[in-house]
Structures are given as structure tokens and as C-alpha cells.
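> Below: one structure in C-alpha cells.
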Amino acid sequence: MPKVARFLILPFVVLAAFTAAQPVPTAPPPTSPPPPASMAALGDSITRALAVCCSNGDNSRHSWSTGDRPGDGVASHYERLTGLDPTIAGRNHNNAISGSTARHLPGQAEMAVEQNVEYVTILIGANDLCASSAAAMTSEAEFASHINAALATLARGLPRARIFVGSIPDLYQLWKALENNAEARDAWSRGTCPSMLSAGNSEEQRQLVAGRELAYNRTLARACSRYRNCRWDNNTVHDFKFSPGHVSVLDYFHPSLEGQARLAELTWRASWWGDQQ
């Protein structure tokens, strides 16, 4: 090859090698949406912080979602969001009702629409499992129908709101953590979640409840996946291995103050803004 041709080709060879050595540009990491200016919590007694520390009734100011009690150790979603943008201050609605099952969720969703909130948390299903017996639990089809109806209500009424759906805490793990605690067994004997916690249940009966819970959580995940503005916790709550200290000593069923604090932390990490604090 003539020298002139070699000299002309050489710069292109060097340029090609240099280009190949450069790192391939990657897309910037996804950013969190702006913090909401209002929020509502939907669910049951867990979100109402029943029996958390102070009485057997609701103590919603200690709630993992909308709690606003200073110095209680529970850094709720509402308090964390207030730290990101104080615009939300005073606009935290707790629509959860103790004793609620999935069939109550559409009505709670309608309340959130009326409140015109920008963020909604959902934690529901424990009472559907905690029936008088495993046979009396809410069916999978009925559970799915109510969940889908509630999310459709939110999608129609609050199309721009962000939604967070938490998985149901592991009821079988609660049994295993406290089955040898005499005080817990005494509390459960008064009718607490008999389908799982009744002393007369067989292991097979308890596994029926555990299996139904897995089915409910799959339903929650599928329902949420249909909406771009809905975020599922990917079973974070269900998979958390809580200790007896995370359970209230008032009823040995609901989260204690420490349990609400841990629930707030776990769900916040899985939420829309979990990477900001």
C-alpha cells in the first residue's frame, strides 16, 4: 500500500479505536415525582395504629402512613413528605377504618377522591384473612373485585395522584413468633384472628390461611400493575421478619410503636420518594 494511503487511513483507525474505548452513555436514573401537597390513607386498624402503645383504641397520630405525633419515633410517610415540602402540612387524611375488609376499600377511595388528594396509601386484607375459620375467609375472586373497584375509583377521580399499595403482614409469622407466649395465647383466645391464631387450629388450617394471604398479595400486585401511577411494595411488608418487640403487648396482634416505626421505614423505602431520605 502506498505510504500516502497508509497515512490517510491511520487517523481513522486511531479515531475508531478511541471511540470504541469510550464508555457507552447510559440513560439518567429515574427521578422521583414532586412531593404531593396532600395525602390520604386507606385501610384497616393497622393504619389506624390501633393498640399501638397507649390504649386499645385507635391511635392514628402514630400511624405509619399519616401519623403526625412529634417525638414518637414513627417517621410516617406524611412526616417525611413534610420534610421534603411543607406544603402538605395539615393535609393528611386517615380514611382507614378499624375492622375494614376489602369490600370497604371502594368507599374509602371515594373519600380520597372527595378530598382531592395527590397521594394515597393502601394497606388492606388482614381482616379478610382473619375470619371465624379458614373456610369463612373472603374468596380470592371477591377480594380482587373490591381491590380493582377501589383502584378504578382512584384512577377516575384522581388521575394524577400517586398510589402506594403495601402487602399484607405475614400472619403465619405472627403465630410462629408468639405461639409459646402465654400472654399472647391468652389474648388470642378472646377471638383475635381465629382462622390463624385459634389454639385449636391444625397446621393444615393455618397453611390454608397463609396460602390465601399469598394469593391476596398476588392480587394486590396485579391490580396495582395496571396503573402507571401505582407502586406495589414488592412484598416488602409481608417478607419482613418481625420480632415480638414489633407487636403490641395490648392485644398481641397489631404493630407496637416500634412496629409502626419499622412499617413506616419499610414502606417509605418502597414508595415513590424512598430514595430522597
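> Regarding region 62-211, what is the average projected area of its C-alpha convex hull, in nm²?
Numbers: hull surface 41.4 nm².
That works out to 10.3 nm², a quarter of the Cα hull's surface.
> Would you please put 39-49, 144-154 in order of how densely packed they are, using the mean number of other Cβ atoms within 10 angstrom per residue and starting with the highest?
39-49, 144-154
> In degrees from 0 to 90, rounded to the nearest 10, what is the angle of the helix 203-225 Cα long axis to the longest principal axis of the chain?
Taking the Cα atoms of the chain, the angle to 203-225 is about 40 degrees.
> Report ³J(HN,Hα) in whole Hz for each residue of region 137-146, in order, from the Karplus equation J = 6.51 cos²θ - 1.76 cosθ + 1.60 where θ = phi - 60°; Gly and Pro get x.
Working through the residues one at a time gives 5, 4, 5, 4, 5, 5, 4, 4, 4, 5 Hz.
> Carbon and sulfur: what percent of the chain's accessible surface (1.4 Å probe)?
56 percent
> Something else now. Taking only protein heavy atoms and a 1.4 Å probe, what accessible area per residue, in Å², does the chain have with all protein chains in place?
About 49 Å² of surface per residue is accessible.
> Order of 122-131, 87-96, 52-61 by packing, highest average Cβ count within 10 Å first?
Ranking the peptides 122-131, 87-96, 52-61 by packing returns 122-131, 87-96, 52-61.
> Oh, and also: Apply the Karplus curve 6.51 cos²θ - 1.76 cosθ + 1.60, θ = phi - 60°, to the phi angles in region 167-183 and return the couplings in whole Hz, x for Gly and Pro.
With the stated coefficients, region 167-183 comes to 7, 7, x, 6, 5, 5, 5, 4, 4, 5, 5, 10, 4, 9, 8, 4, 5 Hz.
> May I pose another question? Under 1.5 on a/c is rounded, so check that first for region 182-277, then, if it is not, pick prolate when a/b is larger than b/c and oblate when it is not; a ≥ b ≥ c are the square roots of the alpha carbon gyration tensor eigenvalues.
Oblate is the answer for region 182-277, as a/c is 1.5 or above yet b/c matches or exceeds a/b.
> Under 5 Å between amide H atoms, partner at least 5 residues away or on a different chain: which partners does VAL247 have, H built in plane at 1.01 Å?
Distant-sequence amide H within range of VAL247: SER256.
> Binning at 10 angstrom from zero up to the longest distance, how are the C-alpha pair distances of the chain distributed in percent?
Final binned percentages: 7, 27, 31, 15, 6, 4, 4, 3, 2, 0.
> Going by amide H atoms built from the backbone, whose H comes under 5 Å of the H on ALA40, apart from near neighbours?
It is HIS93, TYR119, VAL120, THR121, by chain and number.
> Project the alpha carbons of region 125-177 onto their principal axes and report the range along each, largest first, in whole Å.
Principal-axis extents of region 125-177 (Cα, largest first): 41, 23, 12 Å.
> May I pose another question? Whole-Hz Karplus ³J(HN,Hα) for region 105-116, in order, using 6.51 cos²θ - 1.76 cosθ + 1.60 and θ = phi - 60°, x for Gly and Pro?
Values, residue by residue: 5, x, x, 5, 5, 4, 4, 4, 5, 4, 7, 6 Hz.
> Further question: Quick one: angle between helix 3-21 and the longest Cα principal axis of the chain, in degrees between 0 and 90, rounded to 10, please.
10 degrees
The values are calculated or read from the model by the stated rules, or taken from the named source; none is laboratory data. Worth saying up front: this structure is predicted, and the values here are computed from it rather than measured. A quick note on method: Cβ atoms are made from the backbone with ideal geometry, for glycine too, and the neighbour counts reach across all protein chains shown. Side chains included, ligands, DNA and RNA excluded: accessible areas come from the protein's heavy atoms. Shrake-Rupley method; radii C 1.70, N 1.55, O 1.52, S 1.80 Å.
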